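This report concerns only the one structure given below.
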Amino acid sequence: MDETTLRLRARVTILEQLTVRLFAILGTQHANEVRAVVTNLDQVVKTAKGSDLFGADLTAEDRADLFNKITNEWAWIRAQILDPMK
């Protein structure tokens, strides 16, 4: 793996963990607001398939691949945020 890919993967991992932990803290006192943010982002992800939101410079095939990856990753992050709030 090249240096840029490693650096990006490291950043994503840190941001992922930071996001989950911050939402865990917020969820204890602001559960309704956290659910609203998650619901809003659900809509953004669902409507982004044909948009340039996740990559205006990508080919249609790469954009579709990225959309699928984002959908899968968002499902995991979403579960990490909402499951502890049940």
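The values are calculated or read from the model by the stated rules, or taken from the named source; none is laboratory data. Nothing here was measured: the structure is a model prediction, and the numbers come from that model. All Cβ positions, glycine included, derive from the backbone under ideal geometry; neighbour counts span all protein chains shown. Heads up: the accessible areas ignore ligands, DNA and RNA and are worked out on the full protein's heavy atoms, side chains in. Shrake-Rupley method; radii C 1.70, N 1.55, O 1.52, S 1.80 Å.
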I need a count of the residues in the range 33-86 that are of a type in the set (S, T, N, Q) and closer than 20 Å to residue 16 by Cβ. 6
Of the candidates 6, 22, 58, the one satisfying the condition of being over 29 Å from residue 83 (Cα atoms), at pLDDT 85 or above and among the hydrophobic types (A, V, I, L, M, F, W, C) is 6
Scanning the range 31-66 for residues that are in contact (Cβ under 8 Å) with a residue 24 or more places away in the chain and either hydrophobic (A, V, I, L, M, F, W, C) or out of contact with any helix residue (DSSP H, G or I) (no Cβ under 8 Å at 6 or more places or on another chain) (or both), the one surrounded by the fewest Cβ atoms within 10 Å (Cβ to Cβ) turns out to be 31
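Which one is modelled with the lowest pLDDT, of the residues in the range 67-76 that are aromatic (Phe, Trp, Tyr) and open to solvent by less than 70 Å² (accessible area, probe 1.4 Å)?
In this case the residue turns out to be 67.
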Residue 79 meets each of (1) at pLDDT 90 or above; (2) open to solvent by 50 Å² or more (accessible area, probe 1.4 Å); (3) of a type in the set (A, V, I, L, M, F, W, C) with one exception, condition (2)
